[in-house]
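One structure is given below, represented as structure tokens, and several questions about it will come after.
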Ligand code: SDX
């Protein structure tokens, strides 16, 4: 334990407990501050505020470290699978082989979605953004499966978690098939999670689909890299919505909404649109770098910068390596060349160096998704598929915390003081 912090307000000294996490992160515990002093703290964007203690994911932004339950993602992407990493974050430990086999079996068995929900896809325009479809149908699952909230049993929660992980990839693939007017391809019990997803996306009654093991390996790595990232915007949304004891499905739908933002998970789509714009312009990437530095211009380099990483995002490093391997097989992608040129120039530019802006997870992921044949508008959906186990794990940890309360931040009011009503004839 570290010494108490002392805060002097209006001549009174308040002693606030401090705590140190297992990796040396330090916090001042302000849970009793308002009661003792009448003061709240103000921290828009929560740049300096921890919302919880958590044992799921550790990030060291200065050193570019990311670990799930203590295991570095570099080891997990080399040795594990998305199903195994899902169990790791959900249960807190690597599963024994029989537990993993059972989880994988149940994931496939639960991959179907209710036919009524499948048919509802035709109520969306073919060009509806797939994040809109995904969020709607995930919310819709609440109409078909038992209500699960913070008071539910372990078994009910485990069933809903498996449901969500299993069905998210099917909803994603079905939304793609709907958008291109092709028949749905159902999940097969003979295929693993990533193989099933690629098959549901690209197989057709006419052409079938030959599963490419390199693409499956690349997809597994991408899903593993996206599984969790501590208290990011969408995970915090999951915790906040779940803290009201709302249905688990609705908390996930809210997290999907948060992820869609281009400052968050929507950045992978923005990166590809940016790279395509640079390619089509025929200009040097340096022109776009200058635009991003121009404060009078709202343009930002999508895929660069991060609230926590002030070093190279370790996920971007893994994805970049996988890009090279996958793209060696397929046609040279000019966008990868542009991305590597852009990265090289940015990493030498003082504006970015001073602000510690490095490529983040979204910078290279889109290039890999594109190499798999996944359309740009689906990139953030792939992010959601990967993040599903992480969102559920954050929610589970929140509901199992006996001290947890409904999330309800305070504010500092700076509006009108007491004002009398003015009748309309006098305005
Ligand atoms: C994800 O939180 C997570 O963990 C998220 C995530 C996860 O796994 O859940 O890691 C996934 O969301 C990755 C981030 C994806 N978003 C983008 O790539 C969008 C582009 N990046 C930015 O908009 C920005 O970097 C953020 C939103 C990611 C972080 O913003 P911050 O922490 O609020 O920092 P800021 O906006 O205050 O920027 C600090 C400075 C500013 O300049 P000054 O005012 O100091 O002069 O850096 C500049 C910014 O203008 N800056 C950029 C920039 N990002 C920040 N300038 C140009 N291009 C950029 N991309």
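The values are calculated or read from the model by the stated rules, or taken from the named source; none is laboratory data. It should be emphasised that the depicted structure is a prediction, and the values quoted were computed from it without experimental measurement. Here Cβ is always computed from backbone atoms with ideal geometry, including for glycine, and neighbour counts include all displayed protein chains.
Could you check how many residues of region 1-30 are loosely packed, with under 13 Cβ neighbours inside 10 Å and more than 28 Å from the chain's Cα centre (by Cα)?
11
The rows are residues; the columns are (1) modelled with pLDDT of 95 or more; (2) closer than 17 Å to residue 408 by Cα; (3) part of a strand (DSSP E or B); (4) touching a helix residue (DSSP H, G or I) at 6+ places or on another chain (Cβ under 9 Å).
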{"site": "27", "(1), (2), (3), (4)": "yes, no, yes, no"}
{"site": "40", "(1), (2), (3), (4)": "yes, yes, no, yes"}
{"site": "51", "(1), (2), (3), (4)": "yes, yes, no, yes"}
{"site": "76", "(1), (2), (3), (4)": "yes, no, no, yes"}
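Condition test on residue 333, is it modelled with pLDDT under 90 and under 24 Å from residue 380 (Cβ atoms)?
The answer is yes for residue 333.
Just checking, how many residues over region 35-67 are surrounded by 13 or more Cβ atoms within 10 Å (Cβ to Cβ), free of Cβ contacts under 8 Å to residues at least 24 places away in the same chain and within 13 Å of the ligand (Cβ to nearest atom)?
Result for region 35-67: 0.
So in region 196-217, with the set limited to residues that are touching a residue at least 24 places away in the same chain (Cβ under 8 Å) and more than 19 Å from residue 108 (Cα to Cα), which one is surrounded by the most Cβ atoms within 10 Å (Cβ to Cβ)?
Once the filter is applied, the top-ranked residue is 215.
Do any helices (runs of 4 or more DSSP H) lying entirely in region 253-370 carry at least 1 residues that are within 8 Å of the ligand (Cβ to nearest atom), in contact (Cβ under 8 Å) with a residue 12 or more places away in the chain and over 21 Å from residue 76 (Cβ atoms), and which ones are they?
Details: elements: 267-281, 285-293, 314-329, 334-346, 350-354.
In region 253-370, the matching helices (runs of 4 or more DSSP H) lie at 267-281, 285-293, 350-354.
Also: Quick check on residue 129: is it under 21 Å from the mean Cα position of the chain (by Cα) and surrounded by 14 or more Cβ atoms within 10 Å (Cβ to Cβ)?
Working: under 21 Å from the mean Cα position of the chain (by Cα): yes; surrounded by 14 or more Cβ atoms within 10 Å (Cβ to Cβ): yes.
Taking the combined requirement at face value, the residue satisfies it.
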